[in-house]
Amino acid sequence: MVSPRKMKNPEKSLSSSIEQQKNPEEIKELSISGVWNKFEKIFTSGIQSGKEILNILEESVTPDEENVLFIEARKIVDFYNSEINRTKDDARSEVASILGQTHEVIEHIPSSRLRSFALYNIPREIEKLMDEDERKKYEKYINLEHIKENSKEWKTYLADKIKENDVVLLGECHTFEGIEKKLFFEYLDKAKEKGVTDIGFEVEERFQEYFDRFMETGKFSETDDPKDYKKASEYQRLRLEWHRRHDEKSLKEYASFEVDHADNFLFSRHRFDEFYAMLQKARELGLKVHCIDGNYSDLSEDDFQGNNAQWEELEQPRLSERDERMYKNIKEAVADKNRKILIILGSNHVGRGGAKYKNLSDKLTEDSTIKSFRINIDRNLDEDVTMQGTKKDLNLFLKKDIHLNSILYNFLEKQDIKEIGFDLNSSLFVPKYKQKEIFAYDGYIKI
Amino acid sequence: MKKEKQKVLDALMNHYKQRVDFLVDKKTRRLEKLVEESEKLKIKKIKEEIGKPKKNEKP
């Protein structure tokens, strides 16, 4: 039995709750030093980690060949600590940005913002996350009349760009729903009609032989039963359910499907099920399919940890090699001037200046022998999407006032403008506003 | 608005914590492999020494 002295006084409890609401901590201005202290602890402990192991190694080494181990250990520590420090710098600027300590006066849109202007705001680029008030500041510079006069229905717009170029890159946001890929699939007939001979995917080039075999025989590998391929949409549905719900039931359903089809190429390499319908269609249309990406997956699943965004950032040299390979594969594909290639891949490869190194788009821009055009496919990301490569808790960003959608998308949505395409250039802004930066993309499609 | 910002900051902190944990995990795993190698070398040496005839010992 609870002692009366220990029982909570309901009145007191209520008043303390009110007091808590009025707690100055709650309404105190968020200061960068206050917030940053908590962040800094994480990085400091990260940098200090491994010291004990290093000590063990140092004690155990003798002046002979075992020194090599200690030198190797020091290299490992230096490498990861520099990565942690780089991450720390990113975090510092993101915190500052969230606290409104940058971008207060808009005389021109900073390049990072311009990039997000026509591109989704993904969580790992938090500097680009904007609430409704902040978005409005940018929206007032958009020249709606110019858009109305110069835009076309998106399929017509894309057809024109295919006609004028050798290479058209379509940027997507990797989500489990694969909305952009479904659109790409629907467009294939028209693409063929407009002169596209080749299509490309962000798939490692080591899988080219399997794709070629499929185009020739209808099977990825000898042991496959093509009847199983028809289950691709069911597999996608199960994956999506699991990533959305993260509960035991959905995991069991997803896992048992994988167990049942463990020997099947399509399902044993689970990223390919979303390409199946497109490959089937491309086969019917006689289009050549290219796996344009560089090989990167010699890292184990363990290293990958289901966190694509994080992984891509960590492996910068590897990522730049990927873009280099993409560029070479595309150049090879259109070496014959009678060929035209339409490619769908992640927006970061499609937009100029999308990385700290020269990405695919930068390389293609510099190459005057190839006529290339990059278009960002923009769509609603605020509702009901599950981004590939982000951890579940980041779905917080999909709530209320914080949008993943680009500024342009939200603006056009308010005007009820859908399914259009137009060029991105300085005319997009009202004349009194002088835009100094160039857009990462040449064109924009809103679906 | 401040509450929203705090939420975003908390999520951001969690996000960075995960990133640092990921790096620390990779760093630790690679260092542990070196410790293992060092242990193996030690054992190898001890085995070699055991295998050697002791000084002044007749073969």
Report task. Given a cut-off of 31 Å, name the pairs among A:Lys41/B:Lys44; A:Lys41/B:Lys40; A:Lys328/A:Lys446; A:Lys38/A:Lys252 whose C-alpha atoms lie farther apart than that in the structure shown. Result -> A:Lys41/B:Lys44; A:Lys41/B:Lys40; A:Lys38/A:Lys252
Query raised in the report: In whole angstrom, and with the biggest value first, how far do the Cα coordinates of region A:225-271 range along each principal axis?
Result: 31, 17, 15
Report task. Rank by packing, highest mean first: peptides A:186-198, B:28-40, with packing defined as the count of other Cβ atoms within 10 Å averaged across residues. Result -> A:186-198, B:28-40
Query raised in the report: Non-local amide H neighbours of A:Phe429 (under 5 Å, H modeled in plane, Pro and chain starts lacking H): which ones?
Result: A:Asn143
**Report entry** Under 5 Å, built H, 5+ apart or other chain: amide partners of A:Leu424
**Finding:** A:Gly443, A:Tyr444
Query raised in the report: Can you give the average number of partner chain beta-carbon atoms within 10 Å of each beta-carbon in peptide B:37-45, as a whole number?
Result: 3
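Taken together, the values in this text are just the output of simple stated rules run on the coordinates, not laboratory data. Keep in mind it's a predicted model, so treat the numbers as computed, not measured. Glycine also receives a Cβ, built like all others from the backbone with ideal geometry; neighbour counts cover every protein chain displayed.
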